Structure formats: structure tokens, C-alpha cells
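> I have a structure I would like to understand better, so I am pasting it below and will then ask my questions one at a time.
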């Protein structure tokens with residue numbers, strides 16, 4: 001435990017937050033910026049004296065539970081949380097690999113893509129957020145539950161999922177989805193990825209065969225892909241990826257080449273759909 005650095009880090013994070021950042025009223029008599037010690041203590045469900053002693057470098061070594069409470073109270077990012085645990089003399093718990101919600105920054109980006117198909121995926125392929133254009137193009141991916149939440153699981157178990165790709169591309173797409181799954185499985189085989197792999201091995205001989213190949217690099221997300229739409233017919237689009245490493249989320253934006261027939265079809269789709277810009281945030285606790 002490094003008492004001096006722990007105290008300095010907590011103080012810096014406390015002073016960087018405003019009351020409204022954590023749902024507290026500012027009040028008319030507040031002069032200094034940042035949160036007060038008693039406010040952090042209240043948010044962390046600990047006594048003001050206990051928290052004050054930590055900032056004054058004279059408190060006991062905080063437990064993992066106390067550090068976790070402080071991380072929540074101070075709205076720490078995953079990287080900041082790991083730093084806090086290290087300063088407090090503990091190894092940070094393994095990051096939860098299931099995404100609980102779309103990060104505010106990612107949501108703001110998606111809200112500005114009202115005329116573009118875009119989907120926010122967890123690293124397991126669970127759709128957390130879609131623009132209305134993406135719903136019109138692919139259907140509502142956020143409606144699924146259980147293992148069907150995960151795109152790779154639906155690919156190997158639900159024929160409807162494959163209908164958006166030409167049959168001659170199915171083999172490649174299955175390999176790509178499996179490579180993505182293997183990447184997160186390698187990082188944490190006992191977590192959610194392991195559950196998906198186990199479930200697929202039990203129901204899909206095709207997946208078992210692809211998994212046995214142990215491929216780790218099949219293709220790039222930026223390649224031009226072919227899609228099938230029940231009304232628009234054939235489409236060719238790129239899927240551009242924006243990653244949020246702290247939240248383990250990817251934003252895929254689907255775009256056709258400028259002036260191409262596919263771009264004209266997409267424009268018609270957006271005009272006809274006319275729905276709300278953003279749909280379907282998944283929140284799981």
C-alpha cells in the first residue's frame with residue numbers, strides 16, 4: 001500500500017468531480033469546486049472520518065470492498081479502478097467482461113448517426129445499441145435473450161441470422177465470428193466467452209469443426225461485405241469499427257461506397273424507415 005499516492009489519487013479524483021456528476025445538488029453556498037470528503041464518504045457508504053483518514057495518510061489499509069465502493073463513488077473508469085486497487089495494496093478484481101451499459105461517449109456518437117446504420121456491440125457480440133437505420137437493415141438485435149443475445153451463437157443456431165449474407169459467404173462469416181470469439185475466450189476462458197463456447201460445442205457440429213481449426217486471423221472488418229435485404233436486394237457495404245477499450249465495446253458503422261447503387265438503396269431505407277435515431281440499450285446488472 002502506498003499511502004501517499006493513494007491519498008493524492010483520491011484527492012485528485014474527488015476534486016475533479018462536480019456534485020451534479022454524481023447526482024448531488026450543488027447548493028447555493030458551495031464555493032470550492034469538486035466534491036467534499038463527506039460527500040464521497042456518503043456515496044461510498046462509509047464514515048466521513050474513515051475516508052478522511054485515508055486522504056490524510058493515517059488510515060488503515062482499506063479492504064477490497066472499501067476500494068470498490070470508492071471506485072463506484074468516484075465514477076472511476078476501469079483503468080482508474082485498477083490503479084486505485086494497486087495503490088491500496090490489492091490486486092484489482094478481474095474486469096467484468098459482460099458490458100452493463102453503453103458508455104456515455106459511445107451513446108453520444110451513435111445519436112449523431114441518425115442517417116447511418118450503426119450498432120454498438122459488446123466484445124461477445126451482444127448488440128447494446130442500434131440506430132434506426134441498423135434496425136431497418138438487419139432487424140432489432142437487442143430483442144434477444146439468453147445465449148441468443150450473442151451474434152456468434154445465433155449464427156450457428158438460427159438460420160434467420162444467416163439470411164442477411166449470400167450463401168457463398170457463410171463459411172467465411174462463420175470463421176470470422178469464431179475468430180472474434182476466440183480472442184475474448186483466450187483472455188478469459190472461464191468467463192462469458194467460455195459459456196458461449198461450451199453452449200455452441202453442445203449444439204453445433206459446424207461450430208465444433210471451425211473451433212477445432214484454432215484460427216486466429218481470418219479477415220479484416222474493413223473489407224467490403226455483401227448483404228441481402230428482403231426489400232432492397234443485394235447490398236455492398238463496409239463496416240468501420242470504433243473501439244472503446246475501457247468499456248470493451250465496439251461501434252460498427254455500415255457505409256456503402258459513394259455514388260454506388262448500394263448507397264442509393266441505403267438512402268431509400270433511411271427515408272422509408274423514419275424511426276427514432278437510437279434504439280435498444282441493454283442494461284444488465
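> Here is a check on your reading of the model: is residue 215 surrounded by fewer than 18 Cβ atoms within 10 Å (Cβ to Cβ) and in a helix (DSSP H, G or I)? Full working, then the answer.
Numbers: surrounded by fewer than 18 Cβ atoms within 10 Å (Cβ to Cβ): yes; in a helix (DSSP H, G or I): no.
Answer is no for this residue.
> Now, a different point. Does any residue in the range 172-191 that is more than 12 Å from residue 214 (Cβ to Cβ) and assigned by TED's automatic domain parsing to the domain that holds residue 218 come within less than 6 Å, Cβ to Cβ, of a residue that is surrounded by 14 or more Cβ atoms within 10 Å (Cβ to Cβ) and modelled with pLDDT under 85 six or more places away or on a different chain, and which pairs are these?
176/218; 188/97; 191/97
> I've got another one for you. Just to verify a result, which residue in the range 43-57, among those that are touching a helix residue (DSSP H, G or I) at 6+ places or on another chain (Cβ under 6 Å) and surrounded by 14 or more Cβ atoms within 10 Å (Cβ to Cβ), is nearest to residue 71 (Cα to Cα)?
44
> Same structure, new question: Within the range 165-188, track down each residue that is in contact with a helix residue (DSSP H, G or I) (Cβ under 7 Å, 6 or more places away or on another chain) and over 13 Å from residue 218 (Cα atoms).
165, 170, 184, 185
> Right, something else. Exactly one condition in (1) closer than 22 Å to residue 253 by Cβ; (2) surrounded by 14 or more Cβ atoms within 10 Å (Cβ to Cβ) is false for residue 206; which is it?
Condition not satisfied by residue 206: (1).
> Identify all residues within the range 233-249 that are within 14 Å of residue 138 (Cα to Cα) and either outside the structural domain of residue 128 (by TED's automatic domain parsing) or under 25 Å from the mean Cα position of the chain (by Cα) (or both); write none if there are none.
The answer is 237, 239.
> Give me the residue from the range 152-203 that is assigned to a loop (DSSP other than H, G, I, E, B) and in contact with a strand residue (DSSP E or B) (Cβ under 6 Å, 6 or more places away or on another chain) and, out of that set, surrounded by the most Cβ atoms within 10 Å (Cβ to Cβ).
Out of the qualifying residues, it is 164.
> While we're on this one: Considering only the range 85-97, state which residues are under 22 Å from the mean Cα position of the chain (by Cα) and at pLDDT 85 or above.
Within the range 85-97, none qualify.
> Residue by residue through the range 114-139, note down the ones that are in a loop (DSSP other than H, G, I, E, B) and over 19 Å from residue 177 (Cα atoms).
Of the residues in the range 114-139, the ones in a loop (DSSP other than H, G, I, E, B) are 114-117, 123-125, 139.
The answer is 114, 115, 116, 117.
> What are the residues in the range 218-232 that are surrounded by 13 or more Cβ atoms within 10 Å (Cβ to Cβ) and either within 20 Å of the chain's Cα centre (by Cα) or part of a helix (DSSP H, G or I) (or both), if any?
The answer is 221, and nothing else.
The values are calculated or read from the model by the stated rules, or taken from the named source; none is laboratory data. Just so we're clear, the structure is a prediction, and the values are computed from it rather than from any experiment. Every residue, glycine as well, gets a Cβ built from its backbone with ideal geometry; the counts of neighbours run over all protein chains shown.
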